[in-house]
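Participant: Structure in structure tokens, see below.
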Amino acid sequence: MADRSSPALTPLLAQGALLSPFKRPRSGAEVHPSRLVLRGVRIDVARLARYERVCGFATGVDALPVTYPHVLGFPLAMRIMASRSFPLPLLGLVHTSIEIRQRQELAATGAYELGVRVEGLAPHRRGTEAAVVTEARVDGVLVWESRSTYLARHRTTTGVRTPERAPDESKPLPVRAEWRLGGDVGRRYGAVSGDRNPIHLHPLAARLFGFRRAIAHGMWTVARCLAEHGPQSAVRVHADFRAPVLLPGTVAYAADGPAFALRGPGAGPGERPLLHLTGEIHPLLPAEPTRAGPP
């Protein structure tokens with residue numbers, strides 16, 4: 001389905017919230033194949049500037065942050081995930097990973113065609129995971145793509161053993177910066193991204209889904225790390241969101257070469273710091289394959 005106007009997020013959030021209690025996620029569930037397309041997308045430079053400030057990117061440059069197309073495509077992803085046909089409840093859905101492939105620097109003054117689709121569902125040891133692919137094209141040419149995974153936590157009875165992510169490094173990456181995060185980080189990022197999932201906004205809402213306090217958006221944490229890393233043009237980024245960042249709180253940004261991480265304080269005296277995020281950023285080679293759907 002193609003359109004020229006971005007769907008309004010507030011009605012979609014309300015629809016997803018209302019439908020969530022009636023959805024019973026299960027391992028082996030199926031998702032109806034669909035692909036939504038938005039053509040002629042222009043950048044709202046005022047909104048972009050607010051996003052850059054919240055995430056720590058430089059402002060006033062004619063280049064989109066590498067994470068910004070995710071924000072542009074988020075309303076389309078929400079339309080899919082808030083629909084009756086999507087089998088997972090929107091409320092409590094947790095972003096677990098993202099892989100981005102940006103093939104060239106993207107101009108803030110450009111016009112883009114966005115496409116979003118659900119690649120599929122997969123059983124996870126803690127529930128069911130959905131993979132959502134977002135693509136950006138200029139004149140029909142794919143210039144940016146991402147694959148995000150979202151986890152709906154529920155009891156599993158099939159004995160699924162999802163492969164564990166790589167073990168923590170025996171030698172932690174060196175700390176480059178320390179950030180004190182206010183309790184409003186989730187609300188500020190939600191205002192510029194449109195992602196107003198209650199787990200990010202208020203402690204009471206977050207507790208309904210098992211979190212002691214509101215948690216930072218996964219996409220804010222990776223954007224903040226990439227802003228600290230510096231400008232990117234043709235790159236491949238992968239990040240795993242390992243443990244939620246509770247708000248307010250203090251985190252340390254660590255990096256060495258292509259690897260980066262976000263760590264917090266240990267749970268007790270003498271314990272290793274909690275690892276919130278790990279990732280890598282590499283130059284994108286011209287021959288690297290894509291996950292692109294039909295143009």
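The values are calculated or read from the model by the stated rules, or taken from the named source; none is laboratory data. Treat the numbers as computed from the prediction; the structure is a model and nothing was measured. Positions of Cβ are generated from backbone atoms using ideal geometry, with glycine treated the same way; all protein chains shown enter the neighbour counts.
Participant: Can you confirm whether G60 is surrounded by fewer than 20 Cβ atoms within 10 Å (Cβ to Cβ) and within 16 Å of W220 (Cβ to Cβ)?
Facilitator: no
Participant: Return the residue satisfying two criteria in turn: it lies in region 131-142 and is of a type in the set (V, I, T) and crowded, with 21+ Cβ neighbours inside 10 Å, and of such residues it is farthest from P33 (Cα to Cα).
Facilitator: Ranking the qualifying residues of region 131-142, first place goes to T134.
Participant: So, of the residues in region 74-127 that are of a type in the set (S, T, N, Q) and either in a strand (DSSP E or B) or touching a strand residue (DSSP E or B) at 6+ places or on another chain (Cβ under 6 Å) (or both), which turns out to be nearest to A63 (Cα to Cα)?
Facilitator: The residue in question is Q104.
Participant: Now, a different point. Suppose the filter is buried (at least 17 other Cβ atoms within 10 Å of the Cβ) and among the aliphatic types (A, V, I, L, M); does L13 pass it?
Facilitator: So L13 fits the description; yes.
Participant: While we're looking at this one, here's another question. If a residue has to be at pLDDT below 90, in contact with a Ser or Thr (Cβ under 7 Å, 6 or more places away or on another chain) and under 27 Å from R213 (Cβ atoms) to count, how many in region 89-125 make the cut?
Facilitator: 6
Participant: Which of (1) under 20 Å from the mean Cα position of the chain (by Cα); (2) closer than 22 Å to V141 by Cα; (3) among the hydroxyl-bearing types (S, T, Y); (4) at pLDDT below 90 is the odd one out, the single condition T10 does not satisfy?
Facilitator: It fails just one condition, (2).
Participant: Taking region 95-116 as the region of interest, how many residues are surrounded by 22 or more Cβ atoms within 10 Å (Cβ to Cβ) and either of a type in the set (K, R) or free of Cβ contacts under 8 Å to residues at least 24 places away in the same chain (or both)?
Facilitator: Number of matching residues: 1.
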